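Each value in this text was obtained by applying a stated rule to the coordinates, not by laboratory testing. Every value quoted in this text rests on a predicted model; they were computed, and no experiment measured them.
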Amino acid sequence: MRPEPLPVGELLESARHRFIDRAAERGRAIRVEAPADLVVLADELRVRQALANLVDNAIRHGGGDIDLRARAARDGVEIDVSDHGAGFGADLAARAFERFTRASESRSGEGAGLGLAIVQAIAIGHGGSATILEGADGTTVRLVLPAGPPDEPEAPDPAASGAAASAPSQAPLI
Ligand SMILES: Nc1ncnc2c1ncn2[C@@H]1O[C@H](COP(=O)(O)OP(=O)(O)O)[C@@H](O)[C@H]1O
Ligand SMILES: [Mg+2]
């Protein structure tokens, strides 16, 4: 795990771009809504993987347009991946994060049933969570990840402005 501050809007935009063609082939749009300055403290490859698994699920198992939304919350940054399909149903939702859980073959198509187990492991690895929320307005999988420090402009680099470079660091003498 290599957590670093990452602008969440950029992560969502890049997930959108990765899947936009597959969604469009099915006549479905992917929308992104995130405050410009919202930052998560996360391992970039892992959070990208989690988002990809969720958008892939929304395309393959869900229906309608897909919304990727992020907002600041009390316990971190909430990232919602929502669609407007038939949903998990209560039985499946209760065990969807377990490995190899899938709906029947006819409903789920191909897939190993590992995507959501990986999503949850990534969320928990960051000290966060993954939750299924089913409502009248659609199906959402919510990731909560730790918030990063606010996205600030880069501090000026003293070396670049001609100031003396600091001496190379030495191992402490014990
Ligand atoms: N957005 C969704 N809407 C409805 N069902 C879903 C959705 N996402 C996942 N599922 C259900 O949860 C199961 C487990 O998902 P996942 O762990 O990603 O496995 P896989 O995608 O390989 O089948 C899926 O097979 C599907 O039945
Ligand atoms: Mg999947």
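Considering only GLY125, GLY115, GLY62, the mean-square fluctuation computed in a Gaussian network model of the chain, springs between alpha carbons under 10 angstrom, is largest for GLY125. For the chain, the fraction of C-alpha pairs more than 20 angstrom apart is 56%. Histogrammed with a bin width of 5 Å, the alpha carbon distances of the range 1-89 distribute as 3, 15, 26, 24, 17, 11, 4, 1 percent, first bin at zero.
Each Cα pair under 8 Å and six or more residues apart adds its separation to the average, and for the chain the resulting relative contact order is 23 percent. Under a Gaussian network description of the chain, with springs only between Cα atoms under 10 Å, the residue in GLU98, GLU110, GLU44 that fluctuates furthest is GLU110. Stretching ILE124 away from ASP75 to a fully extended chain increases their span by 16.3 nm, per 0.36 nm per residue minus the current alpha-carbon distance.
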